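Asks: Take a look at this one; I'll ask things after.
The values are calculated or read from the model by the stated rules, or taken from the named source; none is laboratory data. Computed from a predicted structure; not experimentally measured. FYI the Cβ positions are ideal-geometry reconstructions off the backbone, even for glycines, and counts take in every protein chain you see.
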Amino acid sequence: MVRQDCGSCHGLYLTGGLGPALTREALADKPLDSMASTIYGGRPGTPMAPWKAMLSEAEALWIAQQLMAGFPEPEKDSR
Ligand code: HEC
């Protein structure tokens, strides 16, 4: 779900596209709670939309944690 919906802007490999990269490396120095609130509430004035209609706050936090831990790579990715 994250790869599909978020990937439309952040790239299929979450390495960036219209939105910035969401790889573990790119997010390493960002605070977890601000990641979660960006996902949940969106970021005003940017194409990053709020996901609160589709996600709970707990789910937004979960996604932020997954991203920071390194999102599982698609099987074919050889990184
Ligand atoms: C409509 C396009 C779009 C979609 C869909 C989208 N994003 Fe974003 N996202 C953006 C843009 C553009 C930014 C950069 C905002 C800015 O300039 O600060 C962003 C920023 C972010 C950030 C902050 C990154 C940072 O370095 O501060 C996170 C985290 C994030 N998005 C997660 C997600 C997640 C998770 C999803 C799926 C639930 C998602 N995004 C879906 C466009 C999108």
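Asks: The conditions are (1) in contact with a Pro (Cβ under 9 Å, 6 or more places away or on another chain); (2) within 9 Å of the ligand (Cβ to nearest atom); (3) at pLDDT 80 or above, and TRP51 fails exactly one of them. Which is it?
Replies: Just one mismatch for TRP51, condition (1).
Asks: Under 7 Å between Cβ atoms, at least 6 apart or on separate chains: pull out the pairs that start in region 20-38 with a residue that is over 21 Å from ALA53 (Cβ atoms) and free of Cβ contacts under 8 Å to residues at least 12 places away in the same chain and end on any residue that is near the ligand (Cβ under 8 Å from one of its atoms) and assigned to a loop (DSSP other than H, G, I, E, B).
Replies: ALA26/PRO20
Asks: Ok, one more. Quick check on this structure: which one of SER56, SER37 is within 10 Å of the ligand (Cβ to nearest atom), modelled with pLDDT of 85 or more and farther than 15 Å from CYS6 by Cβ?
Replies: Details: SER56 fails: within 10 Å of the ligand (Cβ to nearest atom).
That would be SER37, the only listed residue that is within 10 Å of the ligand (Cβ to nearest atom), modelled with pLDDT of 85 or more and farther than 15 Å from CYS6 by Cβ.
Asks: Related question: What is the one condition in (1) hydroxyl-bearing (Ser, Thr, Tyr); (2) at pLDDT 85 or above; (3) more than 6 Å from the ligand (Cβ to nearest atom) that THR46 does not satisfy?
Replies: It is condition (3) that THR46 fails.
Asks: Quick one: which residue in GLY45, GLY16 is on the phi > 0 side of the Ramachandran plot and either outside any loop (DSSP other than H, G, I, E, B) or more than 12 Å from the chain's Cα centre (by Cα) (or both)? Write out each step before concluding.
Replies: Numbers: GLY16 fails: either outside any loop (DSSP other than H, G, I, E, B) or more than 12 Å from the chain's Cα centre (by Cα) (or both).
Every option except GLY45 fails the conditions.
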